[in-house]
Amino acid sequence: LVFALAAAVLCGALIVRNPGKRLFSAGLALLVGGALGNVIDRMRFGCVVDYLDFYILERWPHWPAFNVADSAITIGAVLLILDGFAHHEKRARAPS
């Protein structure tokens, strides 16, 4: 819980310091929202409740169960990776 709360505070500070970076800020916001959602679950229930459970076909392996907070964390991480690639491309094109 302490680690998730510390990470949320750090991400919040990074969002405030980088107001013009929309993709970066959106990724961090999703990470913070997901982390806080999981913290709330841990405080209320003692564990994170996974409630989205999908099967493709009965013969195929079962897809792992997850919740909305986990989805937000995953999407936020993907946005941060995309932001990193976008900034890498800009630096590569900039004249030295």
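The values are calculated or read from the model by the stated rules, or taken from the named source; none is laboratory data. This one's a predicted model, so the numbers in the text were calculated from it and none came from an experiment. When we count neighbours, we look across all protein chains shown, and the Cβ atoms used for this are built from the backbone with ideal geometry, even at glycine. When the accessible area is computed, the model is the full protein with side chains, heavy atoms only, and any ligands, DNA or RNA have been set aside. Shrake-Rupley method; radii C 1.70, N 1.55, O 1.52, S 1.80 Å.
Restricting 36, 1, 30 to those that are more than 11 Å from the chain's Cα centre (by Cα), open to solvent by 40 Å² or more (accessible area, probe 1.4 Å) and of a type in the set (A, V, I, L, M, F, W, C) reduces the list to 1. Only one residue in 44, 17 is under 20 Å from residue 71 (Cβ atoms), surrounded by fewer than 11 Cβ atoms within 10 Å (Cβ to Cβ) and free of Cβ contacts under 8 Å to residues at least 12 places away in the same chain, so which one is that? Unique residue meeting the criteria: 44. Exactly one residue out of 38, 67, 18 is modelled with pLDDT of 85 or more and in contact with a strand residue (DSSP E or B) (Cβ under 9 Å, 6 or more places away or on another chain), and it is 67. Considering only the range 23-41, state which residues are closer than 17 Å to residue 81 by Cβ and without any contact (Cβ under 8 Å) to a residue 24 or more places away in the chain. Correct list: 25 only. For residue 22, are the conditions met, namely being exposed (fewer than 12 other Cβ atoms within 10 Å of the Cβ), on the phi < 0 side of the Ramachandran plot and within 20 Å of the chain's Cα centre (by Cα)? Taking the combined requirement at face value, the residue satisfies it. Kindly check whether there is at least one residue in the range 33-51 that is touching a Cys at 6+ places or on another chain (Cβ under 9 Å) and of a type in the set (Val, Ile, Thr). Looking through the range 33-51, none of the residues is touching a Cys at 6+ places or on another chain (Cβ under 9 Å) and of a type in the set (Val, Ile, Thr).
Within the bounds of the range 70-92, is there any residue that is of a type in the set (Gly, Ala, Ser) and exposed (fewer than 12 other Cβ atoms within 10 Å of the Cβ)? Yes: one or more hits.
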